[in-house]
1. Restricting segment 99-113 to residues that are of a type in the set (Ser, Thr, Tyr) and without any contact (Cβ under 8 Å) to a residue 60 or more places away in the chain, which is nearest to the ligand (Cβ to nearest atom)?
2. Name the pairs: first residue in segment 119-133 and farther than 11 Å from residue 290 by Cβ, second residue crowded, with 22+ Cβ neighbours inside 10 Å, Cβ to Cβ under 7 Å, at least 6 apart or on different chains?
3. Please state which one of 143, 173, 186 is surrounded by 20 or more Cβ atoms within 10 Å (Cβ to Cβ) and in contact with a Cys (Cβ under 7 Å, 6 or more places away or on another chain).
4. Does residue 273 fit the bill of being surrounded by fewer than 18 Cβ atoms within 10 Å (Cβ to Cβ), charged (D, E, K, R), under 24 Å from residue 138 (Cα atoms) and modelled with pLDDT under 85?
Amino acid sequence: MTIETTSQRSLPRTGLAALLPQLDIPGSIQLPDGTIVKVGAGEPIYRVIFRSARALRTPMTELSIGRAYLTGEIDFVYDYLRDATKMNAKAIGEHYSRSDDFYLTFIDKRYRMYSQGLFKSQDESIEDASEHKMETMFSSLGLTPGMRILDIGGGWGGVTQYCGARGVHVTTLTLTADSARFIQSLITEGNLPGEVFLQDFFNHKPQKPYDHIVIFGPCLGTPGPGGKMYLDGSAAVTKYSPSAFTREYIWGGTHTFFTLQDVIRELLYHGFEIVDVARETTDYQLTMLEWAKRLDAAKETIIAGWGEETYRLFRLFLWAERMHSSRIVYRRIISSPNGRLLKGLAHLRCVECYKS
Ligand SMILES: C[S@@+](CC[C@H](N)C(=O)[O-])C[C@H]1O[C@@H](n2cnc3c(N)ncnc32)[C@H](O)[C@@H]1O
């Protein structure tokens, strides 16, 4: 059968096939004779296959569409994973495109954490706050020498440095080439037990189960049965709420922060136990304040090295994060009593991303 692209004029005027071109999502429609109609602007991310002329006119109701799918008159092809990993690479790649030296002008000098520290008092340094964060993670997971953990989103290797020095093997995933190089040299120079992969977590296939997982940042992972995840990160009060400015300049693309309610619901549904949830919003704000002050102190260096716009952008970002009223930051410790994590994981992908 010859597949060729044809125009939207060949579509009927009513029913499902007529509606798809009105959506703001690029896709393609396969007509019963095999020809393809592209709809929306940009590279198609889904295809709807119609196997009969009647199927093209399927009424826009859940019952009719469900029935047409059951009888095989329509089919859907949607590579969600490809879409999610592409978007991750875009958002992360752009945000971290300024070289290590830039971020190191304002984050802590001891573990170089690009996430909130844990403050025992308001006036302690972010170096000490990062140390407390590591201590808390290490004891919460009950880490001992010889264990293997997965660190998803390794940044500048704080987990490798802290856990590696205590005999715990750390496999790190990161999406940024600079970060992978940085962590590899930490491992080599410090002779630390660890490895680093420039790989999206969604594509990671563990060689053997990890004892536990650390995520100081964005997504979820797969320890073996009985394993725990230590997850800290920003959640939004409402989903799909990143501002236009954030999506244009800070974290590019169509993403959303987690909401705590979604994550907890999905975890419970998929058989996880939630061991502890702690609010770290104040720690986050203190961290942002300290980063913002250090950024200001390095103003001349930053403008000379990365330009005034980068300085202004991060100034706005850090001070705004410091004030943000709809950002809540939580630590979650989750255990997996029955090892059903891969299934839960597939579901959680869906709460992380959306198309605008
Ligand atoms: C906010 S930084 C946090 C870094 C580090 N965990 C810390 O707390 O300092 C996010 C890191 O996660 C990585 N990352 C983001 N999404 C990822 C994904 N889907 N798979 C693997 N790494 C990811 C980025 O490349 C970056 O290294």
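The values are calculated or read from the model by the stated rules, or taken from the named source; none is laboratory data. Given the structure is predicted, the values throughout are model-derived calculations rather than measurements. Neighbour counts are summed over all protein chains in view; Cβ atoms, including those assigned to glycine, are modelled from backbone coordinates with ideal geometry.
1. Once the filter is applied, the top-ranked residue is 111.
2. That search, which allows pairs on different chains as well, returns 132/117; 132/118; 133/113; 133/117; 133/118.
3. On inspection, the qualifying residue turns out to be 143.
4. When the stated conditions are applied, residue 273 passes them.
Every residue, every condition in (1) touching a Gly at 6+ places or on another chain (Cβ under 8 Å); (2) within 15 Å of the ligand (Cβ to nearest atom); (3) outside the structural domain of residue 96 (by TED's automatic domain parsing), yes or no:
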{"site": "136", "(1), (2), (3)": "no, yes, no"}
{"site": "166", "(1), (2), (3)": "no, no, no"}
{"site": "176", "(1), (2), (3)": "yes, yes, no"}
{"site": "179", "(1), (2), (3)": "yes, yes, no"}
{"site": "211", "(1), (2), (3)": "yes, no, no"}
{"site": "214", "(1), (2), (3)": "no, yes, no"}
